[in-house]
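First the structure, in the form of structure tokens, and then the observations on it.
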Amino acid sequence: MPALPLSPSPEVAAALADGRPIVALESTIISHGLPRPDNLTAAREFEQILRDADVVPATIAVLDGELKAGLTDDELQRIAAEDIPKLSVRDLPVVLARGGSGATTVAATSWIADRAGIRVFATGGLGGVHRGAGETFDESADLTVLGQVPITVVSAGVKSILDIGATLERLETLGVVVLGFGTDQFPSFWLTSSGHTLDWPVVDAFAVAAVMRSRDALQLPSGIVVANPLPLERQLDPAVHDAVLGQALAEAEQQGLSGKDVTPFLLQRIVELTDGESLRVNLDIARNNIAVAARIARAAVEHP
Ligand code: PSU
Ligand code: MN
């Protein structure tokens, strides 16, 4: 088999060798999920939250034909720049073959993190089944890849721009474990609850680590989604949420957007329509998920 061009940073390589806790971070949230220049500030801050918790950050991306796990500040700046493409799993072979670069989605980040031996990953929200998918077949590869890769990903559920009920059904079909972190409510990203109830709440990071161990013992190939809602007092105002969501969805349809451009367009429009309030909540969510992922990575290392 040809060698995989995967190069963990020295910091990540050392942590892997010593069995110290590591959390993977995705780069599409930086390149396409947050507006410039807040995105670079956020990328640096996300890594710092992990370092402050004694966990090694591994931001994942593809640069010049190499899979990267752990980026230098120069490399973070490249990811935060204007013209970096968004890469899902199916794009990886092409971009590697061409020596190209790009930011990785949840799907691509999960795949690369697993190849690197990293078991825990923090993001904001997952991709999922788009509204109208019955017609368009637009379902994020995040879901299928989480059915194939034994990673634990902490997220605030999926955004209400998607069909949340259909997304939960697909996660069931694909064999993805869904745990509610201190809740039985599946969040809808900006809102604490989507109205969908989960079967399996867990009390803390050690309970998640115990599920990881049983999944490994069962030799299941699939991932674990840890749904981690913001507390009610920090969610987006539901009235504001409902108003802007309808407008952004209508505009995407009027503009005839499809495929991988839909998610970035909706995210950016919602920031504009809420005067930045959705961005504040978005950043709060990412920080909250990263903090929980740090606790899970530590718990998994303490009880391997
Ligand atoms: N959802 C968010 N913020 C994001 C994304 C999704 O709330 O930044 C990004 C993630 O990188 C996710 C990707 O993996 O969008 C999904 O895109 P698509 O629907 O094209 O698969
Ligand atoms: Mn899509």
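Is it true that LEU232 is at pLDDT 95 or above, buried (at least 20 other Cβ atoms within 10 Å of the Cβ), in the same structural domain as VAL301 (by TED's automatic domain parsing) and more than 16 Å from ligand 2 (Cβ to nearest atom)?
no
Just checking, does the range 250-271 include any residue being acidic (Asp, Glu), within 16 Å of ligand 2 (Cβ to nearest atom) and surrounded by fewer than 15 Cβ atoms within 10 Å (Cβ to Cβ)?
Yes - at least one qualifying residue is present in the range 250-271.
Please list, ordered by first then second residue, the pairs with beta carbon atoms under 6 Å, 6 or more apart or interchain, first in the range 78-104 and in contact (Cβ under 8 Å) with a residue 24 or more places away in the chain and more than 26 Å from LEU143 (Cβ to Cβ), second among the polar types (S, T, N, Q) and surrounded by 18 or more Cβ atoms within 10 Å (Cβ to Cβ).
Sorted first by the residue in the range 78-104, then by its partner, the pairs are ALA80/ASN39.
If only one of GLN254, GLN235, GLN247 is among the polar types (S, T, N, Q), within 18 Å of SER188 (Cβ to Cβ) and away from ligand 1 (no atom under 16 Å from the Cβ), which one is it?
Just a single option satisfies the conditions, and that option is GLN247.
Report, by residue number, each residue of the range 91-112 that is assigned to a helix (DSSP H, G or I), open to solvent by less than 20 Å² (accessible area, probe 1.4 Å) and within 13 Å of ligand 1 (Cβ to nearest atom).
VAL106, ALA107, ALA108, THR109, SER110, ILE112
Within 20 Å of LYS260 (Cβ to Cβ) and either open to solvent by 10 Å² or more (accessible area, probe 1.4 Å) or near ligand 1 (Cβ under 10 Å from one of its atoms) (or both): is that true of THR72 in this structure?
Considered against the rule, which asks whether it is within 20 Å of LYS260 (Cβ to Cβ) and either open to solvent by 10 Å² or more (accessible area, probe 1.4 Å) or near ligand 1 (Cβ under 10 Å from one of its atoms) (or both), THR72 comes out as no.
Do you know which of the residues in the range 135-191 that are assigned to a loop (DSSP other than H, G, I, E, B), crowded, with 18+ Cβ neighbours inside 10 Å and among the aromatic types (Phe, Trp, Tyr) is farthest from ligand 1 (Cβ to nearest atom)?
For the range 135-191, the residue satisfying everything is TRP190.
Checking the structure you have, find out if any residue of the range 54-61 is within 30 Å of PRO304 (Cα to Cα) and assigned to a loop (DSSP other than H, G, I, E, B).
Within the range 54-61 (the criterion being within 30 Å of PRO304 (Cα to Cα) and assigned to a loop (DSSP other than H, G, I, E, B)), the answer is yes, since at least one residue qualifies.
May I ask you to list the residues in the range 196-213 that are open to solvent by 60 Å² or more (accessible area, probe 1.4 Å) and either at positive phi or assigned to a helix (DSSP H, G or I) (or both)?
Across the range 196-213, the qualifying residues are PHE206, ARG213.
The values are calculated or read from the model by the stated rules, or taken from the named source; none is laboratory data. What you are looking at is a predicted structure, and each value in this text was computed from that prediction instead of being measured. We place every Cβ from the backbone using ideal geometry, glycine too, and count neighbours over all the protein chains shown. Accessible surface areas use protein heavy atoms only, side chains included; no ligands, DNA or RNA. Shrake-Rupley method; radii C 1.70, N 1.55, O 1.52, S 1.80 Å.
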